[in-house]
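Read-outs throughout are calculated quantities, based only on the coordinates presented, and are distinct from any laboratory measurement. Quick caveat: nothing in here was measured; it's all calculated off a predicted structure. For neighbour counting, all protein chains shown are included, and Cβ atoms are generated from backbone atoms with ideal geometry for every residue, glycine included.
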Amino acid sequence: MTIQEAAERIRAGELVAFPTETVYGLGANALDAKAVARIYEMKGRPEESPLIVHVASIDMAQTLVTEWPSEADALARRYWPGPLTLVLPKVSAIPNIVTAGLPTVGIRVPNHPLALALIREAGVPIAAPSANRFMGLSPTTAEHVREAFGDAVPVVDGGPCQVGIESTVVSIIGGELKLLRPGMISLNDVGLGGVPPAGAGHPAPGMHLRHYSPRTPLVLSTQPEPLGAYVWINSPAKAVRSIHMPDGADAYAARLYSVLHELDREGWPAIYVEPPPETVEWAAVRDRLQRASTT
Ligand code: AMP
Ligand code: MG
């Protein structure tokens, strides 16, 4: 579907799936409560899980918040467009359903020409979670979106996502920065330092422990059972199906969901994944794998 058609649907209160650099989003007009309600329905997502609002510029972001502290300004200028979501106090024009009743809203400028064109053409901010059913694997291609929703949602096809996992989420409330979800922009990048403990619970609503999961059981281990599939970086092992992943976190993240979608379709009894290194660059990948794993 073209950007013009997609923008018309957004303005008409309907849903459109579109590419961003992180994952494909299931978008609706963020200022239209009824349209946003359709997102929750389509995903089967509980309404206590807030959505990220996508805008095309810092100026547009500022119209949606009651405070724009210097910390937010510095991070936005450095990383937008990019995979960083800032959580700030919201204006009342953003319906409560967007933020799951919270007084704050998560906002970002996606680094994808089609996403930016869609927001500009629609002329409204677009609320969008990942375009998958609740708790499932996030889509990184238009095909993944079609597998989840069939014809129920039109998709703007932008090819495979370049970053491949969801944005880093940072809240800035009362001058205090807090990491709510790790992403490929790391804690060091946002000036928070340190390595978050693997799989630590985040104080963000909607961060269900099991999330981002394939249907197939996923196990973090370098000891694959013979009949399972094995996703490895440095430690080869005998398995009927194995995939050798890149040893750089960025390249690994860009491929991860695609590989899990593929192995899921193939129907193995289990997917074994070699645990990635314990360094800060791998924090987001470790977080997603931990959430996807059954162990
Ligand atoms: P998703 O749309 O599935 O990528 O998830 C969006 C995530 O962003 C949520 O699960 C929260 O972790 C975070 N988020 C969005 N808005 C807020 C908010 N107002 N307060 C805290 N976290 C938020
Ligand atoms: Mg999601």
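Quick notes on this one:
- Using a simple spin-label model with pseudo-atoms 7 Å out from Cα toward Cβ, ILE58 and HIS244 lie 4.5 nm apart.
- Residue exposure sequence - TYR272, TYR40, TYR230 - by fewest surrounding Cβ within 10 Å: TYR40, TYR272, TYR230
- Averaging over all projection directions, the Cα-based convex hull of segment 1-111 occupies 6.7 nm² in the image plane.
- Exposed trypsin sites (Lys or Arg not before Pro) absent - longest run of the chain, DSSP non-H/G/I/E/B, at most 16 other C-beta within 10 Å: 1-132
- Size of segment 54-126 from its Cα atoms: along the principal axes, largest to smallest, the extents are 31, 27, 17 Å.
- Each stretch of four or more DSSP H residues adds -39500 (n - 2.57); spread over every residue of the chain, this sum gives -8000 deg cm²/dmol at 222 nm.
- Calculated SAXS-style log₁₀ I(q)/I(0) at q = 0.07, 0.09 Å⁻¹ - the chain, Debye, Cα scatterers: -0.25, -0.41
- With neighbours defined as other Cβ atoms within 10 Å of a residue's Cβ, the residues PHE149, PHE134, PHE18 order from fewest to most as PHE134, PHE149, PHE18.
- Sequence-distant contacts, meaning Cα pairs under 8 Å at least 6 residues apart, place the relative contact order of the chain at 20 percent.
- Mean-position separation - Cα centroids, segment 214-260 and segment 46-88, in angstrom: 34
- Using only Cα coordinates, the Kirkwood hydrodynamic radius of segment 214-289 works out to 12.3 Å.
- Taking label points 7 Å from Cα along the Cα-to-Cβ direction, THR66 and ALA251 give a separation of 4.8 nm.
- Globularity index of segment 8-69, i.e. its alpha-carbon radius of gyration over 2.2 N^0.38 Å: 1.19
- For the pair ALA37 and ALA237 in one chain, pulling the backbone fully straight at 0.36 nm per residue adds 67.3 nm over the alpha carbon distance.
- Derived scalar couplings between HN and Hα for segment 97-110 equal 5, 5, 9, 6, x, 6, x, 10, 10, x, 10, 8, 9, x Hz in order, rounded to whole Hz, by the Karplus curve 6.51 cos²θ - 1.76 cosθ + 1.60 (θ = phi - 60°), x for Gly and Pro.
- Altogether, the Stokes-Einstein calculation at 4 °C and 1.567 mPa s, with the Kirkwood radius of segment 72-187 over Cα pairs as Rh, returns a diffusion coefficient of 83 µm²/s.
- Taking VAL155, VAL55, VAL240 as the candidate residues, the one with maximal mean-square fluctuation in a Gaussian network model of the chain, Cα springs under 10 Å, is VAL240.
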